[in-house]
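The values are calculated or read from the model by the stated rules, or taken from the named source; none is laboratory data. Quick caveat, the model's predicted, so the values are computed rather than measured. Here the Cβ is made from the backbone with ideal geometry for all residues, glycine too, and neighbour counts use every protein chain on show. Just the protein is used for accessible areas: all its heavy atoms, side chains included, with ligands, DNA and RNA removed. Shrake-Rupley method; radii C 1.70, N 1.55, O 1.52, S 1.80 Å.
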Amino acid sequence: MIVISDTTPIISLLKINRLDLFEKLFDTVQIPKGVFAELIENPRFQEESKIVQSCNYIKVVEEIDEGYVTLLRRATGLDLGKSEAIYLSDNGKADMLLMDEVRGREVATQMGIKTMGTIGILGIAYQDSIISKEEVKGAIEILRDAGRHISERLYEQLLNMIENKG
């Protein structure tokens with residue numbers, strides 16, 4: 001399975017101390033060089049940077065068609081990391097693009113790319129019995145306290161799914 005990630009799902013999983021879900025659910029997650037730069041160059045994320053750099057299940061992809069990415073950025077207004085992630089997903093025939101931001105997901109979906117956000121990752125981890133109901137609820141609370149926007153609709157869908165798992 002080829003999985004590409006944008007920055008936000010990585011940061012979100014780092015915030016809840018569950019970056020290991022990438023390996024447990026997907027084995028390997030690819031990130032474009034622009035996403036890697038966002039993760040390691042921001043002084044606010046020094047500890048997170050060290051963790052990401054030491055993960056053997058996160059692979060940085062350097063080969064990016066800059067012309068494609070520039071055109072995508074101009075046409076959509078997306079930032080470099082999102083545009084590179086969409087490029088890799090489209091040209092690398094990814095099975096899944098991990099992205100939380102609505103606009104990026106809309107663009108990817110219009111291009112026929114299957115997307116999933118942090119909430120979806122937590123939902124699958126729960127369904128696969130990797131994390132408990134309490135861990136899911138705690139993770140959402142941590143993410144909301146950290147300022148991550150989680151739509152009420154998605155939150156309710158996740159709660160319904162974990163409450164009704166039989």
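Taking every pair of alpha-carbon atoms in the range 1-96, what share in percent sits in each 5 Å bin, from 0 to the bin with the longest distance?
Histogram of Cα-Cα distances, whole percents per bin: 3, 14, 25, 25, 18, 11, 4, 0.
For the range 93-160, what is the charge dipole size about the Cα centre, in debye to the nearest 20, if Lys and Arg each add +1 at the Cβ and Asp and Glu each add -1 at the Cβ?
220
Using a probe radius of 1.4 Å on heavy atoms only, what accessible surface per residue do you get for the range 25-133? Whole Å² is fine. Spell out each step's value before the answer.
Numbers: 5510 Å² over 109 residues.
For the range 25-133, the per-residue accessible area is 51 Å².
Compute the acute angle (0 to 90°) between the alpha-carbon long axis of helix 118-127 and the principal axis of greatest extent of the alpha-carbon atoms of the chain; round to the nearest 10°.
On a 0 to 90 degree scale, this one is about 50.
Please state the shape class of the range 72-119: rounded when a/c is under 1.5, otherwise prolate if a/b exceeds b/c and oblate if not, all from the C-alpha gyration tensor.
Since a/c reaches 1.5 but b/c is at least a/b, the shape of the range 72-119 is classed as oblate.
Provide, as a two-decimal number, the C-alpha radius of gyration of the chain over 2.2 N^0.38 Å, N being how many residues it has. Let's see the in-between values first.
Working: Rg = 15.5 Å, N = 166, 2.2 N^0.38 = 15.3 Å.
Cα-based Rg divided by the globular estimate yields 1.01.
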